[in-house]
Ligand code: SF4
């Protein structure tokens, strides 16, 4: 069984390599991290555990098919950390029905079924998260995905230390396409839009001034459109 926090959509992917693409989100419950600025605590904190529901791969696909009117699209597996959950059967079942699967994880747990994904977004957490990256495990995640899965790296950036961390991460994995996004600080549960926009401008200027030409700088599109609202 897979522990599900929420399934919703279709909406559009607001981040990373698939930004703007219509998708249904399957958000799993539980995470091995507690980032200081996490904006999906309802899928992380055990205080919300009573809201998480164990579901089979078949039940999840039924719900995804209902939401998408049976028309295959990209399914985004998110969390929490979805790598905690047994998702191989779900991915295979969905593929049989013509659906595609993208998964985002911090890269702290490697699973052999990463090789079944269409897209794997590895999003290592910078110093502002209060976590340290275990690069050996991160490398295992890249290896597990193999050459068939499209693997990319996405890093959220709040400050100079995070920016330096992103440069180090890019140097460790020069072959992974890299997406940088300004971090989202919430104030009383609402995103600080002014801060987010200023950080985006700062990041864009920093990357261009540093001639960092293979980095992609993106906004947090879903936050711009819907703030921190759940289920969109
Ligand atoms: S890894 Fe992601 S879901 Fe987990 S605590 Fe950090 S930001 Fe939240």
Q: Pull out the extension gain between residue 150 and residue 164, defined as 0.36 nm times the separation in residues minus the alpha carbon to alpha carbon distance; nm, one decimal.
A: 2.5 nm
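First obtain the Kirkwood hydrodynamic radius of the chain from its Cα pairs, then insert it into the Stokes-Einstein equation at 4 °C and 1.567 mPa s, and state the resulting D in µm² per second as a whole number. Walk me through the intermediate numbers first.
Details: Rh = 17.9 Å.
Diffusion coefficient, whole number: 72 µm²/s.
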Q) Counting pairs of alpha carbon atoms under 8 Å apart in space and at least six apart in sequence, what relative contact order in percent does segment 2-226 give? A) 17 percent
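What whole-number volume per residue, in cubic angstrom, does the convex hull of the C-alpha atoms of segment 109-232 give?
Working: hull volume 15.2 nm³, N = 124.
Taking the convex hull of the Cα positions in segment 109-232, it is 122 Å³ per residue.
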Q. Between the helical axis of 193-209 and the dominant principal axis of the chain, each derived from Cα atoms, what acute angle in degrees is found, rounded to the nearest 10?
A. 60 degrees
Q. By how many degrees, 0 to 90 and rounded to 10, does the Cα axis of helix 160-172 deviate from the longest principal axis of the chain?
A. 70 degrees
Q) Okay, helix-only estimate at 222 nm for the chain: each DSSP H run of n ≥ 4 adds -39500 (n - 2.57), divide by all residues, round to 500 deg cm²/dmol; what do you get? A) -9000 deg cm²/dmol
Q: For segment 136-183, just say rounded, prolate or oblate: build the C-alpha gyration tensor, square-root its eigenvalues into a ≥ b ≥ c, call rounded for a/c under 1.5, and beyond that prolate if a/b exceeds b/c, oblate if not.
A: prolate
Q. Taking R0 as 25 Å, what's the FRET efficiency between residue 89 and residue 41 from their Cβ-Cβ distance, rounded to 0.05?
A. 0.35
Q) Given springs between every Cα pair under 10 Å in a Gaussian network model of the chain, which of 42, 213, 222 has the largest fluctuation? A) 213
Q) For the chain, modelled as a Gaussian network with Cα springs under 10 Å, which listed residue fluctuates most, 145, 171, 102? A) 171
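Quick one: grab the alpha carbon gyration tensor of segment 1-71, order the square roots of its eigenvalues as a ≥ b ≥ c, and give me rounded if a/c is under 1.5, else prolate or oblate depending on whether a/b is larger than b/c.
Oblate, since a/c reaches 1.5 and b/c is not below a/b.
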Q: Would you mind checking the tilt of helix 135-145 against the longest principal axis of the Cα atoms of the chain, expressed as 0 to 90 degrees and rounded to 10?
A: 50 degrees
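With a ≥ b ≥ c taken as the square roots of the eigenvalues of the C-alpha gyration tensor of segment 110-169, please select rounded if a/c is under 1.5 and otherwise prolate if a/b is larger than b/c or oblate if it is not? Don't jump to the answer; show the numbers that get you there.
Numbers: a/c = 2.84, a/b = 2.12, b/c = 1.34.
Taking the square roots of the gyration eigenvalues as a ≥ b ≥ c, segment 110-169 is prolate.
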Q: May I ask for the distance between the Cα centers of segment 148-163 and segment 46-104, given as a whole number of Å?
A: 24 Å
Q: In whole angstrom, note down how far apart the Cα centers of segment 19-44 and segment 171-220 are.
A: 18 Å
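Since every read-out is calculated from the coordinates, none of them should be taken as a lab result. What you see is a predicted model; the values in this text were computed from it and never measured. Positions of Cβ are generated from backbone atoms using ideal geometry, with glycine treated the same way; all protein chains shown enter the neighbour counts.
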